[in-house]
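Asker: Can you keep this structure in mind? I'll have questions shortly.
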């Protein structure tokens, strides 16, 4: 186990390097000169050249990559062109909003998915199962930003119960934050709940056919014990895989949902930075989100080993 | 349920006859394809023609799904938007499947290439698809062709991984070893033995990519990084509707319905196909 962890940690180095290269190359090779944003359109070329030099845009791309990489290793992702402060600071100030959405979205997804998946599996091939399967299929196919817009139409525009957009800091005004977050949470939660419920259902069905479940039943155990102690516990590794995927997707920010609800999280920051050609922020966000995904993946893999003693890593 | 036949088409016909769900999936998918193919015949109006006097009108006999802020007919725009989705979807599926098979076969068949190629694929898959797509669109500029490029870059590693895995396991089969010992060339083995055996997982994967691509195109256009206006796309019609939700909810309701029904149809087909070909595999994709 220990050597597995070390090997997985070492593997992060080449993947991280590759991620960095892609993030850097993609943005640096794109057309358009960000220096033009800092001078008036009729400015003399010398002034443009000066700005370019100040932003470090005049050096060769390899030199710039080396420079950027050295900074990254020291935790310095550069300075945002637009906000004129470090990219890490820009990220840190946007992330709490994304985190608020992610935690609630994951919570709602789990709250819906587990009962739906379990009931659908227990009631396999009944009317209830049919209904829940449709609920799942529709959830997987429902574009989340469309759901978001429909929710705004219903709960904000028609009924006026909830605010339609914007977000406040959870740590400063928790109740207002929750009111703002309910619709985004549901928008994020439904698709992910459907995904998780589908996995819960299929892996429960898989386990329910096993011999040891028949044995457990023939021993006279209550159905409750059979379902929760024997089936759910054994189905849990595959459910955890999807939970890992869901957590990963939400923790790196939902671009469209933040866009619909005007939440100033990292998804919206990404879209805004792209349109402002704020290269350092776009690069930084590409790198940070990709590395988050790499680490969450590692975390999920290690969790397996804790939950399922049958898994041995060599 | 299965009575597997060697012919893929026979299998599909069998599934449609046996499964009610598959009937719904095939019906929705065919409907969307027909609407896209015959858009000029079906659309009731010119999707580009503005008519300011007729702006933000609700659904009526003249404009079935109402009009937008420029007085353009939503129904006609949605039908033409389906064309955009279909074109981008099919192209993304084609190219990502083509490159996915190519890279997957190379990595799976030539161990020397495997490590390098798979590390690159790992790195590509570490990016969140929509974030990577937005960055690519920023680099290339907004156009339909560039959406296809962005989505192809996103989905190729997924197919490549599956093809590589299958190739690795088929390479160990006795019949392949026998063919190698008889002196068959690498290409012959790839084309005669490996490719025919990986067709079904690739097709299942392709249906999911189609659904993902339709969603991704709509999402990209919605945030303004996809199909550029005035070309109608389901995503940018919805984006237009965002500002007029109070006055013109039909701009929000109808185009989204098109997106959902087409993704639903494809997802149903994908699920039934997957259960049929390989009940054990589960492909859970990221959006």
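The values are calculated or read from the model by the stated rules, or taken from the named source; none is laboratory data. These numbers were taken from a predicted model, which means no experiment stands behind them. Every residue, glycine among them, receives a Cβ derived from its backbone with ideal geometry; neighbour counts consider all protein chains shown.
Asker: Taking the conditions exactly as written (under 25 Å from the mean Cα position of the chain (by Cα), without any contact (Cβ under 8 Å) to a residue 60 or more places away in the chain and closer than 26 Å to residue B:28 by Cβ), does residue B:77 satisfy them or not?
Answerer: Numbers: under 25 Å from the mean Cα position of the chain (by Cα): yes; without any contact (Cβ under 8 Å) to a residue 60 or more places away in the chain: no; closer than 26 Å to residue B:28 by Cβ: yes.
Answer is no for this residue.
Asker: I've got another one for you. For region B:103-115, check the following and say yes or no: at least one residue is without any contact (Cβ under 8 Å) to a residue 40 or more places away in the chain, surrounded by fewer than 24 Cβ atoms within 10 Å (Cβ to Cβ), closer than 30 Å to residue B:277 by Cα and within 10 Å of chain A (Cβ to nearest Cβ).
Answerer: Yes, region B:103-115 contains at least one residue that is without any contact (Cβ under 8 Å) to a residue 40 or more places away in the chain, surrounded by fewer than 24 Cβ atoms within 10 Å (Cβ to Cβ), closer than 30 Å to residue B:277 by Cα and within 10 Å of chain A (Cβ to nearest Cβ).
Asker: Within region A:252-265, track down each residue that is under 8 Å from the mean Cα position of the chain (by Cα) and surrounded by fewer than 23 Cβ atoms within 10 Å (Cβ to Cβ).
Answerer: none
Asker: Kindly indicate whether any position in region B:253-260 is at pLDDT 90 or above, within 10 Å of another protein chain (Cβ to nearest Cβ), surrounded by 24 or more Cβ atoms within 10 Å (Cβ to Cβ) and under 14 Å from the mean Cα position of the chain (by Cα).
Answerer: The answer is yes; a qualifying residue exists.
Asker: Here's something else I'd like to know. So in region A:9-44, with the set limited to residues that are at pLDDT below 75 and in a helix (DSSP H, G or I), which one is surrounded by the most Cβ atoms within 10 Å (Cβ to Cβ)?
Answerer: Filtering region A:9-44 for residues that are at pLDDT below 75 and in a helix (DSSP H, G or I), the one surrounded by the most Cβ atoms within 10 Å (Cβ to Cβ) comes out as A:35.
Asker: Let me ask another. Take residue A:238 and tell me if it is without any contact (Cβ under 8 Å) to a residue 24 or more places away in the chain and surrounded by fewer than 22 Cβ atoms within 10 Å (Cβ to Cβ).
Answerer: Criteria not met by residue A:238.
Asker: Something else now. For residue A:287, indicate whether it is within 18 Å of residue B:124 (Cβ to Cβ), more than 9 Å from chain B (Cβ to nearest Cβ) and within 15 Å of the chain's Cα centre (by Cα).
Answerer: Details: within 18 Å of residue B:124 (Cβ to Cβ): yes; more than 9 Å from chain B (Cβ to nearest Cβ): yes; within 15 Å of the chain's Cα centre (by Cα): yes.
Yes; evaluated as a whole, the condition is true for this residue.
Table: residues versus (1) farther than 23 Å from residue A:13 by Cα; (2) within 14 Å of chain B (Cβ to nearest Cβ); (3) in contact (Cβ under 8 Å) with a residue 60 or more places away in the chain.
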| residue | (1), (2), (3) |
| --- | --- |
| A:224 | yes, no, no |
| A:253 | yes, yes, yes |
| A:265 | yes, yes, yes |
| A:271 | yes, yes, no |
| A:293 | no, yes, no |
| A:307 | yes, no, yes |
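Asker: Here is a follow-up. Take region A:205-217 and flag every residue that is within 13 Å of another protein chain (Cβ to nearest Cβ) and part of a helix (DSSP H, G or I). Step through it out loud before you land on a result.
Answerer: Step one: of region A:205-217, the residues within 13 Å of another protein chain (Cβ to nearest Cβ) are A:205-206, A:209.
Hits for region A:205-217 are A:205, A:206.
Asker: Would a scan of region A:191-202 turn up a residue that is farther than 23 Å from residue B:243 by Cα, part of a helix (DSSP H, G or I) and away from chain B (no Cβ under 14 Å)?
Answerer: Looking for residues that are farther than 23 Å from residue B:243 by Cα, part of a helix (DSSP H, G or I) and away from chain B (no Cβ under 14 Å), one finds none in region A:191-202, hence no.
Asker: Now, a different point. Checking the condition within 14 Å of chain A (Cβ to nearest Cβ) and without any contact (Cβ under 8 Å) to a residue 60 or more places away in the chain, which residue from B:138, B:150, B:126, B:133 passes? Steps first, answer last, please.
Answerer: Working: B:138 fails: without any contact (Cβ under 8 Å) to a residue 60 or more places away in the chain; B:150 fails: without any contact (Cβ under 8 Å) to a residue 60 or more places away in the chain; B:133 fails: without any contact (Cβ under 8 Å) to a residue 60 or more places away in the chain.
From the options B:138, B:150, B:126, B:133, the qualifying one is B:126.
Asker: Something else: Collect the residues in region A:143-163 that are free of Cβ contacts under 8 Å to residues at least 60 places away in the same chain and in contact with a helix residue (DSSP H, G or I) (Cβ under 8 Å, 6 or more places away or on another chain), keeping them in residue-number order.
Answerer: A:143, A:146, A:147, A:150, A:151, A:153, A:155, A:156, A:161, A:162, A:163 - these are the residues of region A:143-163 that are free of Cβ contacts under 8 Å to residues at least 60 places away in the same chain and in contact with a helix residue (DSSP H, G or I) (Cβ under 8 Å, 6 or more places away or on another chain).
Asker: Residue B:271: touching a helix residue (DSSP H, G or I) at 6+ places or on another chain (Cβ under 8 Å), within 14 Å of chain A (Cβ to nearest Cβ) and either under 23 Å from residue B:158 (Cα atoms) or in a loop (DSSP other than H, G, I, E, B) (or both), yes or no?
Answerer: yes
Asker: Output the helices (runs of 4 or more DSSP H) that fall wholly within region A:67-153 and possess 1 or more residues being at pLDDT below 90, or say none.
Answerer: A:87-122, A:127-141
Yes/no matrix, rows are residues, columns are (1) closer than 30 Å to residue A:5 by Cα; (2) touching a helix residue (DSSP H, G or I) at 6+ places or on another chain (Cβ under 6 Å); (3) at pLDDT 90 or above:
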residue	(1), (2), (3)
A:220	no, no, no
A:258	no, yes, yes
A:284	yes, yes, yes
A:290	yes, yes, yes
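Asker: Name the residues in region B:191-225 that are away from every other protein chain (no Cβ under 14 Å) and in contact with a helix residue (DSSP H, G or I) (Cβ under 6 Å, 6 or more places away or on another chain), would you?
Answerer: Hits for region B:191-225 are B:193, B:194, B:197, B:198, B:200, B:201, B:204, B:205, B:206, B:209.
Asker: Could you pull out the residue among A:175, A:186 that is part of a helix (DSSP H, G or I) and loosely packed, with under 14 Cβ neighbours inside 10 Å?
Answerer: It is A:175.
Asker: Only residues that are more than 17 Å from residue A:107 (Cα to Cα) and away from chain B (no Cβ under 11 Å): list them for region A:237-246, please.
Answerer: Passing the criteria: only A:237.
Asker: So how many residues does region B:10-47 have that are surrounded by 14 or more Cβ atoms within 10 Å (Cβ to Cβ) and assigned to a loop (DSSP other than H, G, I, E, B)?
Answerer: Of the residues in that region, 5 qualify.
Asker: If I go through region B:206-260 residue by residue, how many of them are outside any helix (DSSP H, G or I), closer than 17 Å to residue B:63 by Cβ and in contact (Cβ under 8 Å) with a residue 40 or more places away in the chain? Steps first, answer last, please.
Answerer: Initially, region B:206-260 is screened for residues outside any helix (DSSP H, G or I), giving B:223-233, B:243-249.
Pick out the ones that are also closer than 17 Å to residue B:63 by Cβ and you get B:232, B:244, B:247-249.
Of the ones still in play, those that are also in contact (Cβ under 8 Å) with a residue 40 or more places away in the chain are B:232, B:244, B:247-248.
The total comes to 4.
Asker: In this structure, is residue A:48 within 28 Å of residue A:16 (Cβ to Cβ) and either at pLDDT below 90 or not in a loop (DSSP other than H, G, I, E, B) (or both)?
Answerer: no
Asker: Now, a different point. Out of contact with any helix residue (DSSP H, G or I) (no Cβ under 8 Å at 6 or more places or on another chain) and in contact (Cβ under 8 Å) with a residue 40 or more places away in the chain: which single residue out of B:14, B:48 fits that description?
Answerer: Exactly one residue qualifies, and that residue is B:48.
Asker: Would you mind finding the one in B:96, B:92, B:85 that is within 30 Å of residue B:185 (Cβ to Cβ), outside any loop (DSSP other than H, G, I, E, B) and in contact (Cβ under 8 Å) with a residue 40 or more places away in the chain?
Answerer: So the residue among B:96, B:92, B:85 that is within 30 Å of residue B:185 (Cβ to Cβ), outside any loop (DSSP other than H, G, I, E, B) and in contact (Cβ under 8 Å) with a residue 40 or more places away in the chain is B:96.
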